[in-house]
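Inspection log for the structure reproduced underneath, given as structure tokens.
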Amino acid sequence: MTETVVSTPDTAPTTAVPSGGDGTDRLPTPSRPRGGGDGRLRALDGLRLVAALMVAAYHYGGRGGDVATAWGTSPREQFPTLSGLFAYGCLGVQVFFVISGFVICRSGWGRPLRSFFASRAARLFPAYWVAVVLVTAVFALPMVAYATVSPSDALLNLTMLQQPLGADRVLGVCWTLWAELRFYALFALCVVLPGATRQRVVLFCAVWTLAAALAQASGEPFLGVLLMPEYAPFFIGGIGLYLVHRDRRDVLAWGIVAVGWAIGQHYAVAGLWHAPDPHAFSQRSSLGIVAVVTLGFAAVAAIATGRPTWANWRWLTTAGALTYPFYLVHEHLGWVVIGFLHRRVGLPSSVTIAGTVASMLVLAWLVNRYVERWATPQLRGALAP
């Protein structure tokens, strides 16, 4: 979630339109920005925050596990009516991945590889490092009931490679960042390095779709890790929607989106639906899962085609800036806040969850204001002077 951007799955200004190397791949530039007057898609910033709040609802009231320790009882008892809806919030991650496909294709178009790498690293790491340090420090406090990771694993977590190396994770949500990193690497090597053109992006989407299906069929673990069959359709669908943003009449781009949606909903249902089981917390229906995935694709498609012209409030830019740090800190630190507000202070469940979300948004604002605003440009400048 980065430009994206759940603990377990049960989790730029408009660029100039360059021509292809032969001058044949120039697409028509939109006659006016589809978003803010400065070219920023503010509605996309708002959708990021909506997706992050979906994930927060899942973590606070739509699942069991450690959050039940924070509440003192199962969230199902705290929210007997809403917990069933909160269980669908984990699909906010899939919405993040669609947004990420759109944004990464947009930001990587016409950009050299070094600049692309610098922009991604500078966007990802400053807030991430702060979140890792904060969660490690808070969980090490004697009054906090949650176990922290070993010092060695905490240090490894700073690289964002803890998952493939088999170390304990400080942040539950970091599994999604590992998926993002693999997507960035594939896109950088196959599109940004040779130079983005429409033909090259279309070919990338087609080859990745087929290769991911073959990886799934083969059952080869390495291919599964590399090609991410269960998440690739969402990234690919987002890339297709960026092509639609460049040219609404691009039938092939719409086809990429449709295939991404069809495969994506299949994996979402396969991963998140199960037969009714009294011992399972979530009872998501397959139709409900398909509906949420469809709404996510539809929301990004509406933004890509400039439909929500009314969603141009400047505060949405601030909302978008808070989304990534909020996403990083909300889960584990949210447990601590929930336990304090509900079990120690005695606030009702509804007030507790609202207060927890508000406190995490304030913390996200502090991270954005005092870390990201200065560290991101500094790191970007150091990596791509």
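The values are calculated or read from the model by the stated rules, or taken from the named source; none is laboratory data. Keep in mind that what you see is a predicted model, and the values were worked out from it rather than measured. Cβ: placed from backbone, ideal geometry, glycine included. Neighbour counts: every protein chain shown. Areas reflect the complete protein model, heavy atoms only, side chains present, ligands, DNA and RNA absent. Shrake-Rupley method; radii C 1.70, N 1.55, O 1.52, S 1.80 Å.
Which shape class, rounded, prolate or oblate, goes with the stretch 255-382 when its Cα gyration tensor gives a ≥ b ≥ c as root eigenvalues, a/c under 1.5 marks rounded, and past that a/b bigger than b/c marks prolate?
Since a/c reaches 1.5 but b/c is at least a/b, the shape of the stretch 255-382 is classed as oblate.
Using mean Cβ contacts within 10 Å as the protection proxy, how do 291-299, 344-352, 225-233 order, highest first?
Ranked by mean Cβ neighbours within 10 Å, highest first: 225-233, 291-299, 344-352.
Ala137 to Ser115: extension gain in nm, 0.36 nm per residue of separation minus the Cα-Cα distance?
Net length gain for the segment: 4.6 nm.
Go ahead and collect, in residue order, the members of the stretch 50-75 whose backbone nitrogen is under 14 Å from a label point 7 Å along the Cα-Cβ direction of Thr81.
So the set is empty, nothing qualifies.
Can you give the calculated 222 nm mean residue ellipticity of the chain, where each DSSP H run of n ≥ 4 adds -39,500 (n - 2.57) and the sum is split over every residue, rounded to the nearest 500 deg cm²/dmol? Walk me through the numbers on the way to the answer.
Numbers: 16 runs with 237 residues, N = 385.
Helix-only estimate at 222 nm: -20000 deg cm²/dmol.
So how much slack lies between Leu295 and Asp168, counting 0.36 nm per residue of separation and subtracting their Cα-Cα distance, in nm?
42.3 nm
Can you give me the long-range amide H partners of Arg284? Hydrogens built in the peptide plane at 1.01 Å from N, cutoff under 5 Å, separation of 5 or more residues or another chain.
Residues meeting the amide H criterion: His274.
How many percent of the alpha carbon pairs in the stretch 41-106 exceed a separation of 21 Å?
33
Please work out how much length the chain gains when fully extended from Arg307 to Val207, using 0.36 nm per residue of separation minus the C-alpha to C-alpha distance, in nm with one decimal.
33.0 nm
State log₁₀ I(q)/I(0) for the stretch 102-221 at q = 0.16, 0.20 Å⁻¹ as given by the Debye formula over alpha-carbon point scatterers of equal weight, solvent excluded.
-0.87, -1.09
Tally up the carbon and sulfur contribution to the accessible surface of the chain as a whole percent, 1.4 Å probe, everything protein left in place. Can you show the working numbers first?
Values: 11000 of 16430 Å².
The C+S portion of the solvent-accessible surface of the chain is 67 percent.
Between rounded, prolate and oblate, where does the stretch 193-336 land on the alpha carbon gyration tensor, with a ≥ b ≥ c its root eigenvalues, rounded for a/c under 1.5, else prolate if a/b exceeds b/c?
oblate
FRET efficiency for Ala185 and Val345, Cβ-Cβ distance as r, R0 = 51 Å, nearest 0.05?
Computed FRET efficiency for Ala185 and Val345 comes out at 0.65.
Could you do me a favour and compute the accessible area per residue for the chain, 1.4 Å probe, result in Å²?
Heavy-atom SASA per residue in the chain reads 43 Å².
Return the distance in nm (one decimal) between the two label points of a simple spin-label model at Trp129 and Ser218, each offset 7 Å from Cα along Cα→Cβ.
3.7
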